[in-house]
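Below is one structure, written out as structure tokens, with a few remarks after it.
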Amino acid sequence: MGYLSDEHQRLSKSLHSRLVSWIEELPFDRKVTAIAASVLIGTLSAAMAWNGQASDRVYFCLRTPTSQLRCQDRHNRPFRMTAWHWNQWKQEGQPDNVVFLELVKASNQNKPVLALHAFIEFAIAGWLLRHLQNDERQLSQFQEVVEKHNVAQAELQARVELELSANEYTVDIQKAEILAETDIQIAHLDAKETLFEAETAGMTESEKREYVEFLRRQKTPYLQGSQTLQGTIDPKDKVEGQQQMAVINPHQWFEETINYCSVLVFGGQNSGKTTLASHIIKARKDRGDRIIVLDPHAAKGQWEGLEVIGAGMDYKAIDDAFRWYYGECESRYKLLALEGEEAVEALGRICMVTEELTNYAGRCKNSHNYLQSSLSDNRKIFLDSLAISHDRTLSKLGGAKDIAQLRDNAMLEVKLIPPTLHNPRQAFMKLPGQGFEPVLLPNWQVIKNFGVTYTSQPAIDRDTLKRIWDLEFNLDSETTKRLDGNDSSPNPKRDDDNPKRDSETTKRPDGNDSSQNPKRDSETTKRPDSNDSSPNPKRFTHFGLGRNEARKMIIHLRNEMKMTQTEILKTLWNVRPGDSEIYRNAVSEYKELLGEGGD
């Protein structure tokens with residue numbers, strides 16, 4: 001061991017016993033043998049101390065009020081104590097319900113001694129192992145220093161030899177360059193002298209001096225060294241820099257992704273797809289859009305504040321959402337034909353986000369129909385779509401087929417390239433019908449909290465839903481006439497038998513009297529059911545529909561939309577399966593409408 005000073009050496013030796021010094025001088029194999037022996041002896045002592053009891057034990061039972069003996073606690077451990085504690089208990093007053101069972105003599109009185117011996121042996125083994133590890137650590141450090149020293153020596157020797165050889169070559173090259181430059185200058189001087197002699201042939205000495213002065217005055221001060229006049233005015237002599245490709249301002253291209261109805265974000269792993277999508281979603285939600293995220297791999301808290309469907313690889317729920325999206329498109333287009341664009345816009349804008357779109361092919365049978373609807377059917381009805389995929393090929397886009405041209409002409413695409421060791425993350429955007437152009441991608445962080453969750457009911461209210469079904473089944477002749485431009489009939493008859501319902505249907509949501517708008521008043525007035533002749537006809541579903549209207553709607557949802565009974569009950573009655581009275585009443589009404597129960 002190296003010492004920093006004499007005092008350091010004295011203190012180190014004063015703290016070392018002869019035993020420590022003797023152990024430090026032992027070779028490696030003997031140190032290992034001593035450690036193994038200590039561990040073995042300690043293990044044997046611990047095993048001997050483990051068995052048996054060091055003191056006498058008294059086992060007893062407790063007599064219950066029913067005269068039964070209870071000899072174990074609730075964990076099936078017997079009631080016992082040492083003989084000394086038993087005698088103390090007797091002296092202090094032992095209860096009468098305590099019954100002596102037996103006295104078990106001590107079987108291992110040396111148990112504490114053996115345990116102490118095992119502890120000492122293990123401590124010695126650990127102490128020896130610590131000294132051995134310390135020696136090995138110091139040895140490894142010395143070896144590392146020696147290896148670095150040898151490597152440094154070899155590198156220094158090689159560098160010196162290389163520099164010597166390089167210097168020799170450099171000197172030779174410099175000598176050659178100096179000789180060549182001297183020869184060139186001499187040749188130039190000889191040529192100039194020969195040319196001057198030719199130009200001044202036949203001149204006197206005074207004429208030669210005047211000619212030289214004339215040349216000095218004619219020399220332009222703008223030319224230096226080897227410059228020529230032609231070289232200063234020739235455009236080809238200019239240095240052409242590398243042209244920079246123009247990129248779009250980040251805010252300009254990002255606004256396009258927010259306002260366009262069909263957007264695709266695709267790229268490889270770690271390319272930033274989810275990060276970019278989270279900012280698009282946040283901007284849309286701040287604008288007031290309702291966001292529905294379909295993500296089979298969604299983690300808890302990843303889409304905080306949004307409606308998430310399909311978490312836990314629930315592809316059935318995702319497939320149902322695709323089917324709902326198609327049905328929402330149909331409903332909104334019917335409302336568009338009946339009321340116009342303002343009525344559809346009043347329902348609110350919905351953005352369907354399909355995360356992991358690559359995994360939907362083969363798992364969701366409605367993925368193709370959804371993608372085709374999101375490209376061609378959502379433009380006028382405020383139903384936007386944001387798709388996140390690994391690629392833009394049709395096989396990766398939910399298994400869609402035969403829509404390549406539609407994808408190129410109807411979808412705004414953003415391509416992301418993950419960063420590498422030498423290149424940062426890159427982004428390219430393609431507007432519909434155009435090619436990909438590079439864009440600047442800000443250094444964003446992924447957003448996980450999007451604010452308050454959208455908790456409203458489906459966008460179509462009761463009156464709007466009735467107008468849609470009136471249009472589809474031609475239940476209201478006034479609707480057909482209004483569409484044909486032949487609206488000559490008066491407003492339909494109100495249901496005067498139910499004043500409460502009449503007052504509700506004639507009030508607008510904003511509290512204004514609907515009588516100021518005759519067209520709105522005629523549409524929101526409740527039309528009596530043709531088959532209900534009673535003064536107060538029975539109403540069904542939480543929309544308050546008549547019997548025929550509710551039956552037609554159930555048949556449409558079951559046959560056209562392929563919904564199950566549970567899905568129909570959730571859509572029309574807003575109930576879920578359970579043992580509640582509301583759910584049982586909804587099932588009873590459902591069966592009554594389909595003729596499965598009595599009227």
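None of the figures in this text is laboratory data; all of them are computed from the coordinates on show. Quick caveat, the model's predicted, so the values are computed rather than measured. When we count neighbours, we look across all protein chains shown, and the Cβ atoms used for this are built from the backbone with ideal geometry, even at glycine.
Figures for the structure shown
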| read-out | value |
| --- | --- |
| Size of electric dipole in segment 320-397: Cβ of Lys, Arg +1 and of Asp, Glu -1, about Cα centre, debye, nearest 20 | 320 debye |
| Directionally averaged shadow of segment 1-128, computed from the convex hull of its alpha-carbon atoms, nm² | 14.1 nm² |
| Label zone at Phe142 (point 7 Å along Cα-to-Cβ), backbone N below 15 Å, segment 16-46 | 24-28 |
| Gain upon complete extension [Gln157, Asn97; 0.36 nm per residue less C-alpha separation] | 12.0 nm |
| Alpha-carbon centroid distance for the pair segment 325-348 / segment 175-206, whole angstrom | 94 Å |
| GluC sites (Glu not before Pro) within segment 337-367: DSSP coil, no more than 10 neighbouring Cβ in 10 Å | none |
| Most to least packed among 100-111, 178-189 [average Cβ atoms within 10 Å] | 100-111, 178-189 |
| Segment 1-98: relative contact order as a whole-number percent, Cα under 8 Å and 6+ apart | 19 percent |
| Square roots of five times the Cα gyration tensor eigenvalues for segment 111-220, Å | 93, 17, 6 |
| Order by protection proxy (mean Cβ within 10 Å, highest first), peptides 118-124, 359-365 | 359-365, 118-124 |
